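The values are calculated or read from the model by the stated rules, or taken from the named source; none is laboratory data. Keep in mind it's a predicted model, so treat the numbers as computed, not measured. When we count neighbours, we look across all protein chains shown, and the Cβ atoms used for this are built from the backbone with ideal geometry, even at glycine.
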Amino acid sequence: MEVAGVLGVTWSSVLAEGGFGLCFKRKVIDDRVQRGSIAVSADRSIWLAMTGEIERREVMLRELDRAGFPAAKDQDADVLLGMFLVHGASFVKHVQGLFNIVVRDARRGKLFLYADRCGGVRPLYYHHGPDAFVFGSCAKAVIAHRNVPRELDLESFEELLVLAHPIAPRTLFRAVSVMTAGTFLEYGEGTVRMHRYWSKQPYRPSDDDLQTLGERYFNALAAAVERTVDATAETGILLSGGVDSAVVLSLLHRAGHRRLKTFSIHIGDQSQSEREASRFLAERFQTDHRSIDDLEESCLEQLPDMIWHYEAPGVNFHPTYLLCLEARKYCDLVITGTGNDPVWGVFTPLFAADSWLARVTPALSVLRYLRGRRCMSRGNLRKLRHGAARTDLGLLKKLARLARRTGHPLTDQICLDDSLFVDQREFLELGKFVVDAHDLWVRLPYNDSFVVSIAEAVPPAARYRRNAGGPLELKSFFKDLMLARQVLPQEVIYRPKTWMQSPTAEWLRGPLGRTIEAVALNPSARARGTFDLARIGQLIREHRAGAVDHTYPFMMLASIELWHRIFIDPPSIAKPQLDLSAYSRGF
């Protein structure tokens, strides 16, 4: 049985012994991480390789000293190897951070793969077949192996159309699985065993009152933000203009950091973007600000490259890709406000009856989640795709297996959202575009383990409020706390959230629409027979006439065809060298 793995998109080191091989990339964040990608036990029976970085290593160093396993103080991998020797395979329970970890224990004939608690930022993929066990930090590294078939998974394909992502551990590649957050894999004697070492706990009751929780949370967040800055790396902040990234910027300014680099992107009509808010913040804190403004439809010529890095079809992920492309010109490390929304919850109870119904009928949480996150209705899917399921029953059963009863509808939804949309779309987009595509590293202060643990102690009913005569105020506990601490002006904190929208719908009524149509309806797409081409033609005509906005299916169909032509059709996979227009001409 062959065992092979790749950590990192490209690699600079190779380990090989017998039927085991590992290629890994030494990612330079600072000197410590550069030297800390691999550790080997004194008798060379245990190898540990990792990418990323760990939190609170000082705590682990003290524990190792007490246990008589002193580790090199500047190498993360040595610290992790020491923890493995002390605690065994479940050592990862004591580890926080963003990482991939692989351990080979030759004494026991075991291989261990470890996913962190954010899952999507640094995913781990694997294939288990009769001839080989193959793993990697990107799916393309796995399917490139000669023993891994490159075939579409039809069940995941339908999930992609409805939710814009497959439901892990399945991927679009039938022979490839992805590890979910908080799990580790044990492989030995041809057998794979999955273990869960951590589960999301969206509410952890505390004896502290709300004022004490607020003080603890603010202090923890300020400390986590301060730790994100690295004196040895050029650091930038991805500034959306929203409250989360604005708080990060303000706290760094308070801590004495000046001339910070900030980056924002604004596409389309000024009223649909957060352009003015970003500029206001940049001027207020005197940052070295770079803004990508008024992009035209030609930016989507890079769609094949985006799909290559994302490894799946997608819609509206070009802003993140292009923003990171700009940041990479000036930075090695970026800080974002990503991850704060899901901690506090974005699916709040609409009415008092919702809370009661959610307790009596847990299925309500699953139904509400699907209604809130679905991108294509079942009716439209059946019209478009040959052989689509008649109902949502199968999808609802899969979602129900991920659902948990927490005692409150808000935290029920947090559990679902965290394991689905957050890990498999939001964090995955960061990992694929920030880290893989542009070779940056990302830090997420709102996902610091201590910050999250305090937020989870806030009672669900205190995380939002209904304003008199107005809508619900999401994240009200967080926003009120930032106002009380005078972190930002009131108008910035409570400004209504305006999700960044690209004018793709309008672009599709012009030349871009003809290019996308040529991709979606080219001869190879027709030969696949996956979709009803007559219905696609009707959809395109309706969109061009302005009768209906079909942006999502229009772009998704073209992305699916590009994904096939990049990953499935060629005899071997390779980074696409052609732009979107070239693919539309049949190349």
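For region 480-493, name all the residues that are closer than 16 Å to residue 241 by Cα and in contact (Cβ under 8 Å) with a residue 60 or more places away in the chain.
First, pick out the residues of region 480-493 that are closer than 16 Å to residue 241 by Cα: 482, 487-493.
Residues satisfying the conditions are 482, 487, 488, 492, 493.
Can you pull out every residue in region 320-332 that is touching a residue at least 12 places away in the same chain (Cβ under 8 Å) and surrounded by fewer than 22 Cβ atoms within 10 Å (Cβ to Cβ)? Can you show your working first?
Of the residues in region 320-332, the ones touching a residue at least 12 places away in the same chain (Cβ under 8 Å) are 320-328, 330-332.
Matches in region 320-332: 322, 325, 326, 328, 330, 331, 332.
Filter region 173-204 for residues that are surrounded by fewer than 17 Cβ atoms within 10 Å (Cβ to Cβ) and small (Gly, Ala, Ser) and give the result.
Those that are surrounded by fewer than 17 Cβ atoms within 10 Å (Cβ to Cβ) and small (Gly, Ala, Ser): 188, 190, 199.
Which of the following residues is at pLDDT below 95, part of a loop (DSSP other than H, G, I, E, B), among the hydrophobic types (A, V, I, L, M, F, W, C) and touching a helix residue (DSSP H, G or I) at 6+ places or on another chain (Cβ under 7 Å): 512, 539, 578?
Working: 512 fails: part of a loop (DSSP other than H, G, I, E, B); 539 fails: part of a loop (DSSP other than H, G, I, E, B).
It is 578.
Condition first: in a loop (DSSP other than H, G, I, E, B) and either of a type in the set (A, V, I, L, M, F, W, C) or surrounded by fewer than 16 Cβ atoms within 10 Å (Cβ to Cβ) (or both). Now tell me which residues in region 447-473 satisfy that. Before you say what the answer is, go through the steps one by one.
Residues of region 447-473 in a loop (DSSP other than H, G, I, E, B): 448, 456-459, 463-464, 467-471.
Passing the criteria: 457, 458, 459, 467, 468, 469, 470, 471.
Out of all the residues in region 209-223, which are aromatic (Phe, Trp, Tyr) and farther than 15 Å from residue 459 by Cα? Full working, then the answer.
Going residue by residue through region 209-223, those that are aromatic (Phe, Trp, Tyr) are 217-218.
Across region 209-223, the qualifying residue is only 218.
For region 17-24, indicate whether the set of residues that are modelled with pLDDT of 90 or more and more than 19 Å from residue 124 (Cα to Cα) is non-empty. It would help to see each step written out before you state the result.
The first filter runs over region 17-24 and keeps only residues modelled with pLDDT of 90 or more, leaving none.
Checked region 17-24: no residue is modelled with pLDDT of 90 or more and more than 19 Å from residue 124 (Cα to Cα).
Restricting attention to region 205-247, and to residues there that are within 24 Å of the chain's Cα centre (by Cα) and of a type in the set (D, E, K, R), which single residue is surrounded by the most Cβ atoms within 10 Å (Cβ to Cβ)?
Per the stated criteria, the residue is 244.
Six or more apart or on different chains, Cβ atoms under 6 Å: show the pairs whose first residue is in region 194-215 and polar (S, T, N, Q) and whose second is in a strand (DSSP E or B) and at pLDDT below 95.
none
Return the residue satisfying two criteria in turn: it lies in region 216-240 and is of a type in the set (Gly, Ala, Ser) and out of contact with any Cys (no Cβ under 6 Å at 6 or more places or on another chain), and of such residues it is farthest from residue 274 (Cα to Cα).
Of all residues in region 216-240, those of a type in the set (Gly, Ala, Ser) come to 220, 222-224, 231, 233, 236, 240.
Imposing the further condition that a residue be out of contact with any Cys (no Cβ under 6 Å at 6 or more places or on another chain) reduces the set to 220, 222-224, 231, 233, 240.
Details: 220: 28, 222: 24, 223: 27, 224: 25, 231: 30, 233: 28, 240: 7 Å.
This residue is 231.
Can you go through 448, 412, 423, 418 and tell me which one is out of contact with any Leu (no Cβ under 7 Å at 6 or more places or on another chain) and more than 30 Å from residue 377 (Cβ to Cβ)? Talk me through it step by step, then tell me what you get.
On the way: 412 fails: more than 30 Å from residue 377 (Cβ to Cβ); 423 fails: more than 30 Å from residue 377 (Cβ to Cβ); 418 fails: more than 30 Å from residue 377 (Cβ to Cβ).
Testing whether each residue is out of contact with any Leu (no Cβ under 7 Å at 6 or more places or on another chain) and more than 30 Å from residue 377 (Cβ to Cβ) leaves just 448.
Assess whether residue 497 counts as being under 30 Å from residue 410 (Cα atoms) and crowded, with 19+ Cβ neighbours inside 10 Å.
On the way: under 30 Å from residue 410 (Cα atoms): yes; crowded, with 19+ Cβ neighbours inside 10 Å: no.
So residue 497 does not fit the description; no.
Scan region 60-67 and tell me whether some residue there is more than 29 Å from the chain's Cα centre (by Cα), in a helix (DSSP H, G or I) and among the acidic types (Asp, Glu).
At the first step, the residues of region 60-67 found to be more than 29 Å from the chain's Cα centre (by Cα) are 61-67.
With in a helix (DSSP H, G or I) added as a condition, the list becomes 61-67.
From the residues that got through so far, the ones that are among the acidic types (Asp, Glu) too are 63, 65.
Scanning region 60-67 turns up at least one residue that is more than 29 Å from the chain's Cα centre (by Cα), in a helix (DSSP H, G or I) and among the acidic types (Asp, Glu).
Taking residue 483, is it surrounded by fewer than 17 Cβ atoms within 10 Å (Cβ to Cβ) and under 30 Å from residue 209 (Cα atoms)? Give the steps one after another, and end with the answer.
Details: surrounded by fewer than 17 Cβ atoms within 10 Å (Cβ to Cβ): yes; under 30 Å from residue 209 (Cα atoms): yes.
In short, yes.
Look through region 126-149, keep the residues that are in contact with a Ser or Thr (Cβ under 7 Å, 6 or more places away or on another chain) and under 17 Å from residue 436 (Cα atoms), and return whichever of them is modelled with the lowest pLDDT. Give the steps one after another, and end with the answer.
Within region 126-149, the subset in contact with a Ser or Thr (Cβ under 7 Å, 6 or more places away or on another chain) is 126, 137, 139.
Then drop every residue that is not under 17 Å from residue 436 (Cα atoms), which leaves 137, 139.
Numbers: 137: 88, 139: 93.
Going through the qualifying residues, I end up with 137.
Of the conditions (1) farther than 26 Å from residue 96 by Cβ; (2) at pLDDT 90 or above, residue 178 fails just one. Which one is it?
Result: residue 178 passes all but (1).
Here is a list of conditions, (1) within 22 Å of residue 307 (Cβ to Cβ); (2) part of a helix (DSSP H, G or I); (3) out of contact with any Leu (no Cβ under 6 Å at 6 or more places or on another chain), and residue 168 meets all of them except one; can you say which number that is?
(2)
Could you tell me whether region 251-261 includes any residue that is within 30 Å of residue 138 (Cβ to Cβ) and either part of a helix (DSSP H, G or I) or modelled with pLDDT under 90 (or both)? Can you show your working first?
Taking region 251-261 first, the residues within 30 Å of residue 138 (Cβ to Cβ) are 261.
Going one step further and asking which of them are either part of a helix (DSSP H, G or I) or modelled with pLDDT under 90 (or both), we end up with none.
No, region 251-261 has no match at all.
Kindly indicate whether any position in region 535-549 is surrounded by fewer than 17 Cβ atoms within 10 Å (Cβ to Cβ), within 29 Å of the chain's Cα centre (by Cα) and not assigned by TED's automatic domain parsing to the domain that holds residue 148. Explain how you work it out, then say what you get.
Taking region 535-549 first, the residues surrounded by fewer than 17 Cβ atoms within 10 Å (Cβ to Cβ) are 535, 537-538, 541-542, 544-549.
Then keep just the ones that are within 29 Å of the chain's Cα centre (by Cα); that gives 549.
Within this subset, residues satisfying the condition of being not assigned by TED's automatic domain parsing to the domain that holds residue 148 are 549.
Yes, because at least one residue in region 535-549 is surrounded by fewer than 17 Cβ atoms within 10 Å (Cβ to Cβ), within 29 Å of the chain's Cα centre (by Cα) and not assigned by TED's automatic domain parsing to the domain that holds residue 148.
In the set 506, 491, which member is out of contact with any Pro (no Cβ under 8 Å at 6 or more places or on another chain), surrounded by 15 or more Cβ atoms within 10 Å (Cβ to Cβ) and assigned to a helix (DSSP H, G or I)? I'd like the intermediate steps shown before the answer.
Working: 491 fails: surrounded by 15 or more Cβ atoms within 10 Å (Cβ to Cβ).
Result: 506 is the single residue among 506, 491 that is out of contact with any Pro (no Cβ under 8 Å at 6 or more places or on another chain), surrounded by 15 or more Cβ atoms within 10 Å (Cβ to Cβ) and assigned to a helix (DSSP H, G or I).
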